[in-house]
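The values are calculated or read from the model by the stated rules, or taken from the named source; none is laboratory data. None of these values were measured; they are calculated from a predicted model. Backbone-built Cβ (ideal geometry, glycine too); neighbour counts: all protein chains shown.
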Amino acid sequence: MRVPETEEEWRACYAVSARSFNLPLTEAKEQEFLEKVHRDRSLAAFVDGEVAAWAQVRPFGQFFGGRSVAMGGYSPVAAAPEHRGLGLATLVTVAHFPLMRERGEVISGLYPASTQLYRNAGFELGGAFTHREFQTRSLHHIQAPGGLRARRAKVEDLPAIKDCYRRFASTQPGWLDRPDVWWEKLLPVESFDEHHVYVVGAGGGAVRGYVRYLHVPREPWGYNVAVQELCAEEPEVVLALWRLVGSSSTQAEFVKAVAPPEHPLLLLLPDQEMKTPSEIRWMTRIVDAPAAIAARGYPPGVEVSVDIDLDDAHCEWNQGRWRLTVEDGRGVLERGGAGEVTMSVNALATLYTGYASATTLQQAGLLASASPETLPELTAAFAGPTPWCVDFY
């Protein structure tokens, strides 16, 4: 297990990814990969001197409890078809844990092709990536806010768009705190005008909200609208942006939007007509348990003290008994305690994000408690809306 060293080895990494994920094996795509791969954040497993599997960890933050938590996002983890079934994907995944801990990336995340594979490495379901589809003309039922209109964004708006995103993302559990390298992938400056981005502005060049979407061709004519993200905190701005999306109804029959598990539009549209054409649940891993507990925010007014016996087969620094204390919106995990609640690091991960309550985990057999009163305490500490994300990485 090591970092690839030669250009030939890096090309082999791309070839493994291409054969794993149906990517184009072209010289142009290979060159793009060579220019953009995180060479200092990749590891490969070799069989007979050739790349058999490799994994890259991207640098992200992820919002939980209103605070950005340093997160390493696996993208991709790939094993060559002829070397699958040997445990190499797990090997290259687990090998990154101590490196992430050294960098201060206290949690990790990924979109799983195989849930059980990553569950064996300590990951568990953390949140949802969901597409919702509905008729474009149904947006005409949204009452237009008085005098508020969106305009097409210019490249000069990009810093204000990033500020708007971060303000809104901090209120959405599970959203990424995007680094500049990720923004460059989503909205490259050199091709900004080719994207459909509309903003509602404010004084001084600030942006109160924006929507970013694509046109997806359909047969025999016209297109559908694929909304990648809509960010705004003020209700009237949200409505203005959805009205703008609805203005495409003469050409676009349907809107397909990355959406929360329970979309606020359901409270505004005339019928419960939303469909879910695709959905996947991303997974989370606690890399450094005490640092992860300290990094996220917690509901105000919640006071909790629970003793946890934590099992982690791959990160020995997480293993053992801990006392969890939550108070004044802060959390502390310290060595000690009586271990009245036993759980694996997988269960802690899904509890941490707010995806599953302590009661749900107990019902699934993933958490055991000596005293029933600890279950509502643990649930209250991490409570919030179901986590979701608009970024597929």
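Values for this structure:
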quantity	calculated
Residue list for the range 330-387, restricted to those being β-branched (V, I, T) and in contact with an Asp or Glu (Cβ under 6 Å, 6 or more places away or on another chain)	T342, V345, T350
Test: residue in the range 137-153 that is more than 30 Å from D193 (Cα to Cα), among the small types (G, A, S) and buried (at least 21 other Cβ atoms within 10 Å of the Cβ)	no
Unique residue being touching a Phe, Trp or Tyr at 6+ places or on another chain (Cβ under 6 Å) and either closer than 13 Å to C389 by Cα or free of Cβ contacts under 8 Å to residues at least 40 places away in the same chain (or both) when the list is G204, G174	G174
When residues of the range 49-76 are limited to those that are touching a Leu at 6+ places or on another chain (Cβ under 7 Å) and of a type in the set (A, V, I, L, M), the one surrounded by the most Cβ atoms within 10 Å (Cβ to Cβ)	A53
Which listed residue, of T276, T325, is touching a Lys or Arg at 6+ places or on another chain (Cβ under 7 Å) and assigned to a strand (DSSP E or B)	T276
Every residue from the range 300-334 that is among the hydroxyl-bearing types (S, T, Y) and within 27 Å of the chain's Cα centre (by Cα)	T325
Members of the range 98-132 found to be hydrophobic (A, V, I, L, M, F, W, C) and either modelled with pLDDT under 95 or not in a helix (DSSP H, G or I) (or both), listed by number	V106, I107, L110, A113, A121, F123, L125, A128, F129
Top-ranked residue in the range 77-91 [being hydrophobic (A, V, I, L, M, F, W, C) and farther than 16 Å from T115 by Cα; ranked as surrounded by the most Cβ atoms within 10 Å (Cβ to Cβ)]	A80
Test set (1) more than 30 Å from L186 (Cα to Cα); (2) surrounded by 21 or more Cβ atoms within 10 Å (Cβ to Cβ) - V390 fails condition number	(1)
A15, sole failed condition from (1) closer than 28 Å to R101 by Cα; (2) surrounded by 13 or more Cβ atoms within 10 Å (Cβ to Cβ); (3) modelled with pLDDT of 95 or more; (4) not β-branched (V, I, T)	(1)
Search result, residues across the range 92-133 that are surrounded by 19 or more Cβ atoms within 10 Å (Cβ to Cβ), more than 20 Å from P277 (Cβ to Cβ) and of a type in the set (D, E, K, R)	E105, E124
Flag for I308 being surrounded by 20 or more Cβ atoms within 10 Å (Cβ to Cβ), in contact (Cβ under 8 Å) with a residue 40 or more places away in the chain, in the same structural domain as P376 (by TED's automatic domain parsing) and part of a strand (DSSP E or B)	yes
Strands (runs of 3 or more DSSP E) wholly inside the range 32-97 containing at least 1 residues that are touching a helix residue (DSSP H, G or I) at 6+ places or on another chain (Cβ under 9 Å) and closer than 29 Å to R167 by Cβ	50-64, 67-79
